[in-house]
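Laboratory data are not the source of any read-out in this text; all were calculated from the coordinates shown. The model shown is predicted, which means the values in this text are computed figures rather than measured ones. Please note: Cβ atoms are built from the backbone with ideal geometry, for glycine as well, and neighbour counts cover all protein chains shown.
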Amino acid sequence: MTLQRNGRGRGTALFALGLLGGHLLARLNTDADGDGPTQHSRRIVDNAGEAIISADEYSRVVLANPAAAAMFGVSVAQMLGQPLARFIRAPANAGHSPLDHFQGGRAGRRATDYAGIGIRPNGSFPIEGSITDAFQDGITLHTIILRDVSERQRVQQKLARSHDQLRQLSAALQTIREEERTHISRELHDDLGQLLASLRMDLTLLRATCGATEDAAHLITGMDANLLTAIASLRRIATNLRPRALDEGGLYFALQGLREDFAERHGITCALLADEAELRLDDNASTAIFRIVQEALTNVARHAHATHVTLTLYRSNHDLLVTIRDDGRGIVDADMEKAESLGLVGMRERVWALKGEISIGADNDGGPGTRVDIVLPVTGHTV
């Protein structure tokens, strides 16, 4: 039976309690008058709120306080002399005796936290224990200060369920939003776009019929310019909602269009390093990657003060590796923790929805700017 290390120290208070239990057993027979330090130490242990158990090198219980007896649903007398395995069981992945961690260690070692499973007559429950060892007068004693973490585990499980539900809700909202954007984009392009094109054709006929006078020609020319501006704005709005290249040409051509538009609009050089054949993915993955890159470029334009951006996408085994680098002012942890950093949150949620990983931080090469690294498993998303 073993207690599995969970990696958290409990500090000097638990360390002192563990040593106290070890010294207590070693001195039990040296204080006969009942008023010496041993009795005083026993009263401290008996009145401690934490459950305390001491075991010898054979894993037999040699000391237990009332708090420990109450935790395991027995009396102190019923615990003494019993195997430690009767009260504490190791997790399934632990493979050796609990005291193997301590045999041969120096006495008075600092307390180290372990996790295990407590056993009651009516069932089992999760526990944590801080273990110390003490050696005095030829006796090695291993003292465990235990805590019942059932309630904490229930709270953690409840939080985990809530977190999973929020993730599912976020993914559902992203899907609904993308479907609505696609629908609106197609309506604008197909209906309103055709209507504006038709008006421009009618205006051309009107020019041929009524454009003989200078005033009429000037008016028709102005109307034509306004129609061209409206058509260009409509195309830009429809593309922002859902680029047609994403549906008609695929992810590679959609990213090319995004790169060109970004460079033209913001005056920032943008390079795309990718192979079209490696970006033939289904609609779900293509849309997510496009939106991630789009949001990253939006952040660069708003905050980075950069002059150059490089987009790199390539396949490695069953993953797609995406890297977005700029030469701007860089990013710090405080920027990513801001409540208004919803763009970064959206990027993370899209990556996590595809069971990928994302890291955002300073450029690893030591240069200025920010680097976004994304690993997306694309097995099942290729076409």
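Brief remarks follow.
- Computed lengthening from Leu228 to Arg200, 0.36 nm per intervening residue step minus Cα-Cα distance: 9.3 nm
- Note on the range 147-304: the C-alpha convex hull projects to 15.5 nm² when averaged across all orientations.
- Phi to ³J(HN,Hα) by Karplus 6.51 cos²θ - 1.76 cosθ + 1.60 over the range 234-248, Hz, x for Gly, Pro: 4, 5, 5, 5, 5, 5, 5, 5, 6, x, 5, 4, 5, 8, 8
- Order by protection proxy (mean Cβ within 10 Å, highest first), peptides 326-333, 143-150: 143-150, 326-333
- Residue-wise HN-Hα coupling along the range 60-70, computed from phi with Karplus coefficients 6.51, -1.76, 1.60 (Hz; x: Gly, Pro): 9, 6, 10, 7, 8, 9, x, 5, 5, 4, 5
- Nonlocal amide H pairs with Leu281, under 5 Å, H built at 1.01 Å: Leu251, Val383
- Length-normalised contact order of the range 151-242 in % [C-alpha pairs under 8 Å, at least 6 apart]: 42
- Protection proxy ranking for 54-65, 121-132, 261-272, 189-200, using the average of other Cβ atoms within 10 Å per residue and placing the highest first: 54-65, 121-132, 261-272, 189-200.
- Assigned charges on the beta-carbon of Lys, Arg, Asp, Glu; the range 151-242 dipole about Cα centre (debye): 900
- Nearest-20 debye value, the range 211-297 charge dipole, Cβ charges on Lys, Arg, Asp, Glu: 220
- For the pair Gln153 and Arg280, the difference between a 0.36 nm per residue extended length and the Cα-Cα distance amounts to 41.3 nm.
- Per residue, the convex hull around the alpha carbon atoms of the range 249-383 comes to 100 Å³.
- Taking θ as phi - 60° and the Karplus parameters 6.51, -1.76 and 1.60, the scalar couplings of the range 192-199 work out to 5, x, 5, 5, 5, 5, 5, 4 Hz in sequence order, x denoting glycine and proline.
- The range 151-242: C-alpha gyration tensor shape, a/c 1.5 cut-off, then a/b vs b/c: prolate
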